[in-house]
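Asks: Could you have a look at this structure, given as structure tokens, before my questions?
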Amino acid sequence: MNKFTIIIPMFNSEKFVANTLNSIISTNYDKNNIEVYVIDDGSTDNSGEIVRSISKENPFIKYVKKNNGHWGSVINYAKNNLNMIGDYISILDSDDFYVKETFNIINKLVLKSNDDLIVGSFKKYDGNKPRKKVMPFWFIFKRILKNKTQMNTPFCLPLPFFAKKEVFLKLNDLKEGVAYQDPDYSTQLVKNSSSLRFTKKVIGLYYYNRENNSVSQKWDNKRLEPEFHACLKCIENDAQELVSYRLNIKDFRECIKDNNLKFKINRKFKFNWYPFYIRWAYWLIHITRYKNFFY
């Protein structure tokens, strides 16, 4: 049975964090093989008291407080300061949730293949109930990927990524004091991995429209700047295909166009995360709609 370390970055999450922690407590996996670090990034609300109260009855949950430095600083802190027991490590944001079978699903896949990186499916959550729609649609992707040009997934949400400890520890420090560091995090994990396995099984719920969620903010120059630099990081991490996929968002594409921005690429595009029968269709979309955004 594999051990898991879950890192929860938290900032002013008093409305959500109890439900997030209870989703882990409710999983049917031996809690002796799970450790949870809730890293409080300088919260000014009652988040810390809520976590401390829950941890009293659940000693595998540990509370750490640090000065505010944004999401990237939490990942840096965990990598550089924690003595983690997990064979596999994952990031669960303080408003997202696991399902009961999360750790059993990942453990079975690891025992079967011992891949460096496991990526699960997830459902969107709107604050009331999970949507039936499963994101991403893993059924159109190849299951087992051992080629670097195949492994870059078109999604960078931290929730579904479970990485071997040694892969996680290879991460370069993320940029602190700014938002949108999850693309750098996820593409580095892929870059550091020798094999990746997708599963169509749902391992969590993503609270996509909650208050102050960065991805639900309006598209303007204030949001564009960190998003643009996040895309540059994807290219730096040899994941330029993800930038093309990001351009499917109309408002993002319009902001890029209005600001006369382009992305400098290092190689030819390869959309090998798709099987051939789908790849040609995305190639057509890329060539006809997005190619001019790159040079």
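The values are calculated or read from the model by the stated rules, or taken from the named source; none is laboratory data. None of the values given here were measured: they were computed from a predicted structure. With ideal geometry, Cβ positions are generated from the backbone for all residues, glycine too; neighbour counts draw on all protein chains shown. Surface accessibility is based on the protein's heavy atoms, side chains included, excluding ligands, DNA and RNA. Shrake-Rupley method; radii C 1.70, N 1.55, O 1.52, S 1.80 Å.
Asks: Please verify whether Leu109 is touching a Ser or Thr at 6+ places or on another chain (Cβ under 9 Å), open to solvent by less than 10 Å² (accessible area, probe 1.4 Å) and either at pLDDT 90 or above or in a strand (DSSP E or B) (or both), treating the condition exactly as stated.
Replies: No; evaluated as a whole, the condition is false for this residue.
Asks: Report yes if Asn12 is within 17 Å of Lys79 (Cα to Cα) and assigned to a loop (DSSP other than H, G, I, E, B), otherwise no.
Replies: Values: within 17 Å of Lys79 (Cα to Cα): no; assigned to a loop (DSSP other than H, G, I, E, B): yes.
Considered against the rule, which asks whether it is within 17 Å of Lys79 (Cα to Cα) and assigned to a loop (DSSP other than H, G, I, E, B), Asn12 comes out as no.
Asks: I'm trying to understand the selection: among the residues of the stretch 236-284, which are surrounded by fewer than 17 Cβ atoms within 10 Å (Cβ to Cβ), modelled with pLDDT of 90 or more, in a helix (DSSP H, G or I) and not charged (D, E, K, R)?
Replies: Within the stretch 236-284, Ala281, Trp283, Leu284 meet the criteria.
Asks: Just to check your reading of the model, which residue among Trp283, Trp219 is closer than 28 Å to Pro9 by Cα and over 18 Å from the mean Cα position of the chain (by Cα)?
Replies: Just one listed residue meets the conditions, Trp219.
Asks: Given the conditions (1) open to solvent by 10 Å² or more (accessible area, probe 1.4 Å); (2) part of a loop (DSSP other than H, G, I, E, B), report the number of the one that Ser53 does not fulfil.
Replies: Single failed check for Ser53: (2).
Asks: Could you tell me whether the stretch 170-181 includes any residue that is under 20 Å from Lys3 (Cβ atoms), modelled with pLDDT of 95 or more and either open to solvent by 40 Å² or more (accessible area, probe 1.4 Å) or part of a loop (DSSP other than H, G, I, E, B) (or both)?
Replies: yes
Asks: Going by the structure shown, is Ser186 open to solvent by less than 30 Å² (accessible area, probe 1.4 Å), assigned to a helix (DSSP H, G or I), on the phi < 0 side of the Ramachandran plot and touching a Cys at 6+ places or on another chain (Cβ under 8 Å)?
Replies: yes
Asks: Then there's this: Hey, among Ser23, Ser43, Ser90, which residue is part of a helix (DSSP H, G or I) and not aromatic (Phe, Trp, Tyr)?
Replies: Ser23
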